[in-house]
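Below is one structure; the comments refer to it alone.
The values are calculated or read from the model by the stated rules, or taken from the named source; none is laboratory data. Computed from a prediction, not measured in an experiment: that's the story for all the values here. Cβ coordinates were reconstructed from backbone atoms using ideal geometry, including for glycine residues, and neighbour counts include every protein chain displayed.
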């Protein structure tokens, strides 16, 4: 068996390396031509363009690895089937599941590498690439947003803003509600706009509504300028909903999701993306199993058919992930189910295909 294991590994690894390089090249060309006009308009030097494209290699490799793994496994098994080399293997009583076990081990290793490389290499490279684009390509990034709602101070202070400006750290169309421990309204502040002064929010053209125990009625006060040291929710909180989990390491992403929950900002999309980081890392293992089940179904044009099937299944996988992700973000299904549904569906398809595979 060790000789058979080495045989299939030696046939699989070169195809995996070539396939990964091929798909990374395609992704690089797509990214390059998408930005080529802007490169030329800005007259960027060649070394800057090369650096920007080089920093895309880690992310491109992660995108390409599942497709390349599917292609390599399909091609390897297809060639073995077409040359009838597996007749002696099956005649010796070795089932298909045992024969492709080395590929499953490689799939586990690739999934582990995927999991580590994204945090250690890909995300820092993405950040550096974004910084270069912002600096030399004049591609800005802002965390400003409209219709922002924040819960603060143990959900006893509620901020509403028509618009948060991340550049000026200001709020337009502000409403602040303060409630006591029993949920009763203590004070309401309406202001045309508010500016962060480094320690607290300063409200301009503000109207204060609060309950006066003496007159037992709501009292209104107009202030041209009003500030309160207790209203100190930092501006970064208002821009958190504009950040994406893919830009953060796993530890940072979990802290980000916890802060969204605490601030009362919708967090289902971020939580779904966080779970997808884990499930997507399992993709190399899933596609190895799937390609092992379909690899022997091609008798002619094995290279072309392996390439076409790999691309078709990759599209189906990503589209399925997009649909289930949208369902999870809308609340139709739990975030964990939305992230893991593509893996579960393709594993189920693998089991069905294995039942009809030659063995």
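Just to be sure before I move on: is residue 120 out of contact with any strand residue (DSSP E or B) (no Cβ under 8 Å at 6 or more places or on another chain) and either under 30 Å from residue 51 (Cβ atoms) or surrounded by fewer than 16 Cβ atoms within 10 Å (Cβ to Cβ) (or both) in the structure I sent?
yes
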Select from the stretch 196-234 the residues that are surrounded by 17 or more Cβ atoms within 10 Å (Cβ to Cβ) and either part of a helix (DSSP H, G or I) or within 36 Å of the chain's Cα centre (by Cα) (or both) and list them in ascending order.
196, 201, 231, 233
Just checking, does the stretch 271-294 include any residue being on the phi > 0 side of the Ramachandran plot and modelled with pLDDT under 75?
no
Among the listed residues 171, 151, 185, 177, which satisfies the condition of being in contact with a strand residue (DSSP E or B) (Cβ under 8 Å, 6 or more places away or on another chain), over 20 Å from residue 267 (Cα atoms) and at pLDDT below 85?
185
Taking only the stretch 326-359 into account, find how many residues are within 19 Å of the chain's Cα centre (by Cα) and at pLDDT 85 or above.
15
Please go through (1) farther than 30 Å from residue 83 by Cβ; (2) at pLDDT below 85 for residue 311 and return the number of the only condition it doesn't satisfy.
(1)
Filter result (farther than 19 Å from residue 309 by Cα and surrounded by 15 or more Cβ atoms within 10 Å (Cβ to Cβ)) within the stretch 12-30
28
Can you tell which of 237, 279, 272 is in a helix (DSSP H, G or I), under 17 Å from residue 147 (Cβ atoms) and in contact with a helix residue (DSSP H, G or I) (Cβ under 7 Å, 6 or more places away or on another chain)?
237
